[in-house]
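**Q** Provided herewith is a single structure, encoded as structure tokens, for subsequent inquiry.
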Amino acid sequence: MSGAERRCLVAGNWKMNGLLEDAMAYVAELGENPAPEHVEVAIMPPFTLLHPMSGPLSEKGVRLGAQSVYFEQKGAFTGSISPLMLRDAGCHYVILGHSERRDIIHEDNALIRKKMLAAWQAGLEPILCIGEHLEEREAGKTNDVLREQLAILEGVAENKPLTVAYEPVWAIGTGRTATPEQVVETHAFVHEELARLGCDCRVLYGGSVKPDNAEALLACPGVEGALVGGASLQADSFMRIIEAAARAAG
Ligand code: PEP
């Protein structure tokens, strides 16, 4: 599918937030039909909420995703969740390579690659997060970092379900966003690199996307949706971002 035909995706990453009662109230607040015609909507709650949210979200046309996964399908891996279990819970997506997992849990590109292969094996669509730290951008190394993070797709990603999210690490949870110029330039590089690797996939922007900056960011050429952290935790602000995406797409 080419960029012109694809629906943009607005995905909410709840991180380590959400208890059952609040999650059910959130789903009710989304209303009957939260996903407009040109926008796909997904929510990635913590593991404990996947099963209970699966049915109610699917009734509203909202896809479900997980925030991480292990690279084996079953076995003696205490505390881990497998791709098959995520499929069983109704997930379509799984986020891989989020900077919080790279930086805090020390997940490296080799491990992320194994998870990606296992996710595909179980029929999940990975949302592969890539992004540079502030020092790397300031040292002019952004493209080198992104190239290295994308290199895990070499030889394995052609015709596979995949979404990439460009998330400058310095913009995640900081309230600081990349400028539209930085977004356009970096997304162009990511698309170019993906084409070189044989992947024609959607590229999202992530990093302090809020209702008041979403439309400008989503209207940037090469941006086909948003991965939203903090602003997805309230149904009202998440819905305003979805509306902004619909305006940008239309
Ligand atoms: C994220 O968690 O991927 C993210 C972009 O967070 P925030 O929107 O809070 O910056």
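The values are calculated or read from the model by the stated rules, or taken from the named source; none is laboratory data. Predicted model, so just to flag it, every value in this text is computed and none were measured. Don't worry about glycine lacking a Cβ; one is built from the backbone with ideal geometry, like all the others, and counts go over all protein chains shown.
**Q** Do any helices (runs of 4 or more DSSP H) lying entirely in region 68-141 carry at least 1 residues that are modelled with pLDDT under 95, touching a Leu at 6+ places or on another chain (Cβ under 9 Å) and more than 16 Å from the ligand (Cβ to nearest atom), and which ones are they? Lay out the reasoning, then the answer.
**A** Values: elements: 83-88, 99-104, 109-121, 134-138.
Where helices (runs of 4 or more DSSP H) fall fully within region 68-141, none carries at least 1 residues being modelled with pLDDT under 95, touching a Leu at 6+ places or on another chain (Cβ under 9 Å) and more than 16 Å from the ligand (Cβ to nearest atom).
**Q** Now for a different question. Need the failing condition index for Ile105 against (1) closer than 28 Å to Glu132 by Cβ; (2) among the aliphatic types (A, V, I, L, M); (3) in contact (Cβ under 8 Å) with a residue 24 or more places away in the chain, just the number.
**A** Unmet for Ile105, out of (1) closer than 28 Å to Glu132 by Cβ; (2) among the aliphatic types (A, V, I, L, M); (3) in contact (Cβ under 8 Å) with a residue 24 or more places away in the chain: (3).
**Q** Applying the selection to region 222-233, what residues are within 7 Å of the ligand (Cβ to nearest atom) and out of contact with any Pro (no Cβ under 9 Å at 6 or more places or on another chain)?
**A** Of the residues in region 222-233, the ones within 7 Å of the ligand (Cβ to nearest atom) are 227-231.
Matches in region 222-233: Leu227, Val228, Gly229, Gly230.
**Q** Can you tell me which of Thr186, Thr179 is polar (S, T, N, Q) and free of Cβ contacts under 8 Å to residues at least 12 places away in the same chain? Let's see the steps before the verdict.
**A** Working: Thr186 fails: free of Cβ contacts under 8 Å to residues at least 12 places away in the same chain.
Only one candidate passes the filter, namely Thr179.
**Q** Identify all residues within region 216-250 that are under 21 Å from Asn33 (Cα atoms) and β-branched (Val, Ile, Thr); write none if there are none.
**A** Val228, Ile241, Ile242 - these are the residues of region 216-250 that are under 21 Å from Asn33 (Cα atoms) and β-branched (Val, Ile, Thr).
**Q** Related question: Name the residues in region 193-221 that are aliphatic (A, V, I, L, M), more than 10 Å from the ligand (Cβ to nearest atom) and touching a residue at least 60 places away in the same chain (Cβ under 8 Å), would you?
**A** Leu218
**Q** Identify all residues within region 59-80 that are of a type outside the set (D, E, K, R) and in contact with a strand residue (DSSP E or B) (Cβ under 7 Å, 6 or more places away or on another chain); write none if there are none. Give the derivation first.
**A** Step one: list which residues in region 59-80 are of a type outside the set (D, E, K, R), which gives 61-62, 64-71, 73, 75-80.
Hits for region 59-80 are Val62, Leu64, Gly65, Ala66, Gln67, Ser68, Val69.
**Q** How many residues does region 80-98 contain that are buried (at least 22 other Cβ atoms within 10 Å of the Cβ) and either polar (S, T, N, Q) or farther than 20 Å from Glu40 by Cα (or both)?
**A** 3
**Q** Is region 156-165 home to any residue that is within 17 Å of Arg202 (Cα to Cα), touching a residue at least 40 places away in the same chain (Cβ under 8 Å), aliphatic (A, V, I, L, M) and within 16 Å of the ligand (Cβ to nearest atom)?
**A** Yes, region 156-165 contains a residue that is within 17 Å of Arg202 (Cα to Cα), touching a residue at least 40 places away in the same chain (Cβ under 8 Å), aliphatic (A, V, I, L, M) and within 16 Å of the ligand (Cβ to nearest atom).
**Q** Identify, from the list Ile104, Ile127, the residue that is buried (at least 20 other Cβ atoms within 10 Å of the Cβ) and of a type in the set (Val, Ile, Thr).
**A** Details: Ile104 fails: buried (at least 20 other Cβ atoms within 10 Å of the Cβ).
Going through Ile104, Ile127 in turn, the sole match is Ile127.
**Q** Here is a further query. Take Gly250 and tell me if it is over 21 Å from Pro45 (Cβ atoms) and over 18 Å from the mean Cα position of the chain (by Cα).
**A** Working: over 21 Å from Pro45 (Cβ atoms): yes; over 18 Å from the mean Cα position of the chain (by Cα): yes.
Here the answer is yes, as Gly250 does meet what is asked.
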